[in-house]
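Encoded as structure tokens, the structure appears first; notes follow it.
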Amino acid sequence: MSKRDYYEVLGVDKSSDPTVIKKAYRKLAMKYHPDKNPDNKEAEDKFKEAAEAYEVLSNDEKKARYDRFGHAGFQGMGGGGPGGFADASDIFENFSDIFGDFFGGAAGGGFSRGGSRSQKPRPKRGSDLRYFLDISLKDSLEGTKKEITFNSDEDCQTCDGSGAEPGKSATTCDHCGGSGQVIQRQGFFTMATTCPSCRGAGTVIKDPCKQCSGGGRLERPRKIQVTVPAGVESGSQLRLSGEGDGGHLGGGDGDLYVVVKVQDHPKFYREGLDLVSDLEVSYLQSILGTEVEVETLSSTVNVEVPLGTQSGDEVRVKKSGFPSLRGRTKGDIRFKMKVKIPKSLTKKEEKLLREIAEEKGEKVKPKGWFG
Ligand SMILES: [Zn+2]
Ligand SMILES: [Zn+2]
């Protein structure tokens, strides 16, 4: 199933400011909230879709990644989606986050489940990242090295990812008593939701680290060299282990996937391991045969055009195509012959051709037709 664009989901523009985005989400969340639409799968899906879009677009860092990479920026990597919408409690975390000021007073804080559901900060592997790299057909034939620049996240070095000023530590959340959960009542319904104050951590940071504003993470500009092997195809992914987002609190680093896109060439294209192109020869060359010098992507080759070559015939230059990424085989260069018939002839040409036609007894248009 294809995913809808997050901006489209919320009905906002890329340039919309956070208050507009928040307002748009709030409206949708009100409309599709499960309490208002019991047993309505469609409303539930819309509610989840809006929550997911808001989760990304309300976060500067995730929004920037989404603007750059689209859904691909979050795909199937480590956490399973932006922030991991694996279970409903995450949705309600978002929900109580945005409606916190509405329900805050009625939440009857302090409910505890013995802290068993509390999500204490724990090491987490860094996210995998994707980078889309354009290369030329020549680069894919010969292989190349490309320098790429991008940003990755890593733990703030000042606070080691804790988010608290050095020397200070997080304290138990007053709102939920450290359980990370609160009970909310709405009419007949009672819901246990993630504490809006500490977002389920059970602890709050009273002295946030100045370097990272308490987030514990910072963006780092990166520049690395990628070795692109000869024979690489459009869509190939090169995995650079450990070059993704840095791990959190000692978790492992994510990987970087470089997705290769091979640009079109005006003359040559790829078919399997073969490099293919049209090759034009004159009618005389096609009849009598010849050898022509052709410039390919990386060299000049001599192409043997046999006597009696027809339009559509293929002439091969063996082992000059793409190398196979696995194994030692190599494709050919294939030239598809195009025989060019002249649209006008010199007087002498016409005379000679007429002589040939006469000798072969072929009926042709009478003299003067060309002029
Ligand atoms: Zn910090
Ligand atoms: Zn709390």
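For segment 182-192, putting each phi into the Karplus relation 6.51 cos²θ - 1.76 cosθ + 1.60 with θ = phi - 60° gives couplings of 10, 9, 10, 10, 9, x, 7, 8, 10, 10, 8 Hz, in residue order, rounded to whole numbers and with x for Gly and Pro. Axis angle, to the nearest 10 degrees, between helix 41-57 and the longest C-alpha principal axis of the chain: 90 degrees. Asp13 exposes around 100 Å² of accessible area when a 1.4 Å probe is run over every protein chain in place.
Relative to the Cα centre, the charge distribution of segment 229-293, modelled as +1 at Lys and Arg Cβ and -1 at Asp and Glu Cβ, gives a dipole magnitude of about 100 debye.
Extension gain for Leu288 to Lys318 (0.36 nm times residue separation, less C-alpha to C-alpha distance): 8.5 nm. Stretched out straight at 0.36 nm per residue, the stretch from Tyr269 to Gln186 would grow longer than its current Cα-Cα span by 23.6 nm.
Taking amide hydrogens as placed 1.01 Å from N in the peptide plane, the amide H of Glu280 sits under 5 Å from those of Lys338, each at least 5 positions away in sequence or on another chain.
Using unit Cβ charges (K, R positive; D, E negative) and no other charged atoms, how large, in debye to the nearest 20, is the dipole of the chain about its Cα centre?
Working: 58 positive and 56 negative charges, 78 e Å.
With only Lys, Arg, Asp and Glu charged at Cβ, the dipole is about 380 debye.
Taking every alpha carbon pair in segment 1-50, what does the distance histogram look like in 5 angstrom bins from 0, in percent? Pairs per bin, as whole percents: 4, 22, 28, 20, 16, 7, 2, 0.
If you wrap the tightest convex hull around every Cα atom of the chain and split its volume per residue, you get 233 Å³.
Between Lys336 and Leu352, full extension at 0.36 nm per residue minus the direct alpha carbon distance yields a gain of 2.8 nm. With q set to 0.11, 0.23, 0.26, 0.29 Å⁻¹, the log10 of I(q)/I(0) for segment 269-340, from the Debye formula over equal scatterers at the Cα positions, is -0.28, -0.96, -1.14, -1.31. Its relative contact order, with pairs defined as Cα atoms under 8 Å and 6+ residues apart, puts the chain at 14 percent.
If you count only protein heavy atoms with a 1.4 Å probe, what accessible area per residue comes out for segment 108-264, rounded to a whole Å²?
Per-residue accessible area for segment 108-264 comes out at 53 Å².
If a/c stays under 1.5 just call it rounded; otherwise compare a/b with b/c (prolate if a/b is bigger, oblate if not). Do that for segment 142-248, with a ≥ b ≥ c from the square roots of the Cα gyration tensor eigenvalues. Oblate.
Along the axis of the charge dipole computed for the chain (Cβ charges of +1 for Lys and Arg, -1 for Asp and Glu, origin at the Cα centre), the listed residues Gly246, Thr309, Ala43 are led at the positive end by Thr309.
The values are calculated or read from the model by the stated rules, or taken from the named source; none is laboratory data. Just so it is clear, the structure is predicted and the values come from calculations on it, not from any experiment. Because the Cβ atoms are built from the backbone with ideal geometry, glycine has one as well, and the counts that use them run over all protein chains shown. Just the protein is used for accessible areas: all its heavy atoms, side chains included, with ligands, DNA and RNA removed. Shrake-Rupley method; radii C 1.70, N 1.55, O 1.52, S 1.80 Å.
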